[in-house]
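The values are calculated or read from the model by the stated rules, or taken from the named source; none is laboratory data. Given the structure is predicted, the values throughout are model-derived calculations rather than measurements. Using ideal geometry, Cβ is built from the backbone for each residue, glycine included, and neighbour counts are taken over all protein chains shown.
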Amino acid sequence: MSDLTVTEIFHSIQGESSQAGRPCVFVRLTGCPLRCRWCDTAYAFTGGTPMSFDEVLDEVKKYGTKLVEVTGGEPLAQGGCVPLLKALLQEGYEVMLETGGAHTIADVPPEVRKIVDLKCPGSNESGQNLYSNLDLLHSHDEIKFVIAGREDYEWAREQVRSRKLGEACGILYSAVHGELETGKLAEWVLEDRLPGRVQIQLQKYLWPDRDRGV
């Protein structure tokens, strides 16, 4: 039996978060229990290739890149995700985890830089947010809001203010590509003096005609 089911492993530019612009190896695990309306990685819901931890580590090593992100799908939906994170740390990598926020991060090593989505209402999955994760974040972690419009923005603003999220870790605001102009989102953040950073999905501008491997 394999340790993991992997959709793809690829070398690209980190497109989001405070690490945007850095070369990064992405390990995209297969499967996700959520069905966000704007999801751009639905191809990772099913299929994938069975791989052992050693096979994943060997593939990552080929690229000679220090930064590695484990993503999905929803990586924490696989029981092998946390052991993989630990194995990557043991190999000396700088490790990131992108998670949809519906699974606990309690067992994720503190050294891992966690990017945790808080699903806005426009995703149709905000009822799946596991708010207990917010108490487990470290200062190097980041909370991401993917925002489709004004309603989502106002919801995110309320979460940031009422939960004092800016005191716990970094905050990321990302407009749904093709639905909300990032400039408009930036104007709202400036008007309300919100902490955090407005980001774009850099990969969509670097490689606009590619859906996978970026």
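A few notes on this one:
- Only one entry in Val27, Val82 is at pLDDT 95 or above, part of a strand (DSSP E or B) and among the aliphatic types (A, V, I, L, M), namely Val27.
- Scan region 168-214 for residues that are basic (Lys, Arg) and either crowded, with 19+ Cβ neighbours inside 10 Å or modelled with pLDDT of 95 or more (or both) and the total you get is 3.
- Number of residues in region 1-53 that are free of Cβ contacts under 8 Å to residues at least 12 places away in the same chain and either surrounded by 16 or more Cβ atoms within 10 Å (Cβ to Cβ) or farther than 20 Å from Ala77 by Cα (or both): the value is 1.
- Residues in region 39-57 include none that are in contact with a Pro (Cβ under 8 Å, 6 or more places away or on another chain) and among the small types (Gly, Ala, Ser).
- Just one residue in the set Gly48, Gly100 is closer than 30 Å to Leu194 by Cα and either at pLDDT below 95 or in contact with an Asp or Glu (Cβ under 6 Å, 6 or more places away or on another chain) (or both); that residue is Gly100.
- Qualifying residue in region 88-104 (condition: in a helix (DSSP H, G or I) and in contact (Cβ under 8 Å) with a residue 12 or more places away in the chain): yes
- Scope region 151-172; condition outside any loop (DSSP other than H, G, I, E, B), more than 17 Å from Glu125 (Cα to Cα) and either touching a residue at least 60 places away in the same chain (Cβ under 8 Å) or not acidic (Asp, Glu) (or both); matching residues: Arg157, Val160, Arg161, Ser162, Leu165, Gly166, Gly170, Ile171, Leu172
- Meets criteria (polar (S, T, N, Q) and without any contact (Cβ under 8 Å) to a residue 40 or more places away in the chain) for Ser123: no
- Of all residues in region 132-167 being surrounded by 14 or more Cβ atoms within 10 Å (Cβ to Cβ) and of a type in the set (Lys, Arg), the one that is nearest to Val116 (Cα to Cα): Lys144
- Condition met for Pro208 (under 24 Å from Glu94 (Cβ atoms), in a loop (DSSP other than H, G, I, E, B) and of a type outside the set (S, T, N, Q)): no
- Residue list for region 54-70, filter: crowded, with 22+ Cβ neighbours inside 10 Å and either over 11 Å from Ile9 (Cβ atoms) or not hydrophobic (A, V, I, L, M, F, W, C) (or both): Glu69
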